[in-house]
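Reviewing the structure listed below.
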Amino acid sequence: MASVLAFVVFEAAFFVAYRYAMSFSQSVASPFWFPDSVLLCALLLTGPRVWGVFVLGALPIRLFSEVARDIPLWFLLTTYAIDSVRNVLTALVLRRLMKNPIRFETLKEFALFCLGAALVIPAAFALAGATARAARGHEFWPAWEQWFLGNALAHLVITPAILYWVFGPSWELRAAGARRRLEGAVLAIGIVVTGYLAFSIESGSVGFAEARFYAPVPFLFWAAIRFGMRGASGAIVAIAFLSVEAAREGGGPF
């Protein structure tokens, strides 16, 4: 029963992630390919014997989702194969190199995660993705850059947040005292307010030298120093979400 529930939760999460990632135009790829994070987390949390269930479970969503109805079938199948092989390979590499692939216990392990999940493997598979997009009329190297960045940023920003916030030990939150919770609340409000102020501007009205654009930085340091990976990953996701939404609405210093 627990395994069935886990699969249902995975399907729901992958569906939401895929729809959101595909809400960007076909000419401009999603800055974070959210489905990658959902699938990789599922693979890291389970054994290789059941990986096929999650990989195959993603296929109907990618083929029959409303947001994919105007995309050629060959392109959907090709990109599905590229993403699936890449995430399986990433999971295998991380399980091989890290003692606990869902926790970064040392700086070396975090560096290995970044090197494998966010640099080497995405860069290599982006060549295949760019080739597929080039077959649809896109320029190869801009397509490679978009594909690479979408995969790399997802694993740098979204994947750690899922691992630490969704699958992190719940006792850490329950054991936090009143002062610790108050500090966390003040920190969260500060991140949201400064992030909103930084990106709630008309597109092109200011540059990156604008002082308020850097207002969230002290809160990011605060989150990392006082709350570790859980705080750092949560803060980065909040800033990323605000910046992406601003870009979607045509605002922000982009």
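The values are calculated or read from the model by the stated rules, or taken from the named source; none is laboratory data. It should be emphasised that the depicted structure is a prediction, and the values quoted were computed from it without experimental measurement. FYI the Cβ positions are ideal-geometry reconstructions off the backbone, even for glycines, and counts take in every protein chain you see. Areas reflect the complete protein model, heavy atoms only, side chains present, ligands, DNA and RNA absent. Shrake-Rupley method; radii C 1.70, N 1.55, O 1.52, S 1.80 Å.
What the table below lists for this structure:
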| quantity | calculated |
| --- | --- |
| Those residues of the stretch 12-41 which are open to solvent by 10 Å² or more (accessible area, probe 1.4 Å), aromatic (Phe, Trp, Tyr) and either in contact with a Lys or Arg (Cβ under 8 Å, 6 or more places away or on another chain) or at pLDDT 95 or above (or both), in sequence order | Phe15, Phe24 |
| Residue in the stretch 46-59 that is of a type in the set (Ser, Thr, Tyr) and touching a Gly at 6+ places or on another chain (Cβ under 6 Å) present | no |
| Tally, over the stretch 106-120, of residues that are more than 17 Å from Leu44 (Cβ to Cβ) and at pLDDT 90 or above | 4 |
| When residues of the stretch 211-227 are limited to those that are open to solvent by less than 70 Å² (accessible area, probe 1.4 Å) and at pLDDT below 90, the one farthest from Arg103 (Cα to Cα) | Phe213 |
| Residue list for the stretch 111-123, filter: without any contact (Cβ under 8 Å) to a residue 12 or more places away in the chain and open to solvent by less than 70 Å² (accessible area, probe 1.4 Å) | Ala111 |
| Helices (runs of 4 or more DSSP H) (entirely within the stretch 1-111) containing at least 3 residues that are under 18 Å from Ala130 (Cβ atoms) and hydroxyl-bearing (Ser, Thr, Tyr) | 73-97 |
| Tally, over the stretch 163-196, of residues that are open to solvent by 40 Å² or more (accessible area, probe 1.4 Å), part of a helix (DSSP H, G or I) and at pLDDT 85 or above | 13 |
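One line per residue, one yes/no per condition, for (1) modelled with pLDDT of 95 or more; (2) open to solvent by less than 70 Å² (accessible area, probe 1.4 Å); (3) farther than 20 Å from Leu149 by Cα:
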residue	(1), (2), (3)
Leu43	yes, yes, yes
Phe54	yes, yes, yes
Ile61	yes, yes, yes
Asp70	no, no, yes
Leu77	yes, no, yes
Ile82	yes, yes, no
Leu92	yes, no, yes
Lys99	no, no, yes
Phe104	no, yes, yes
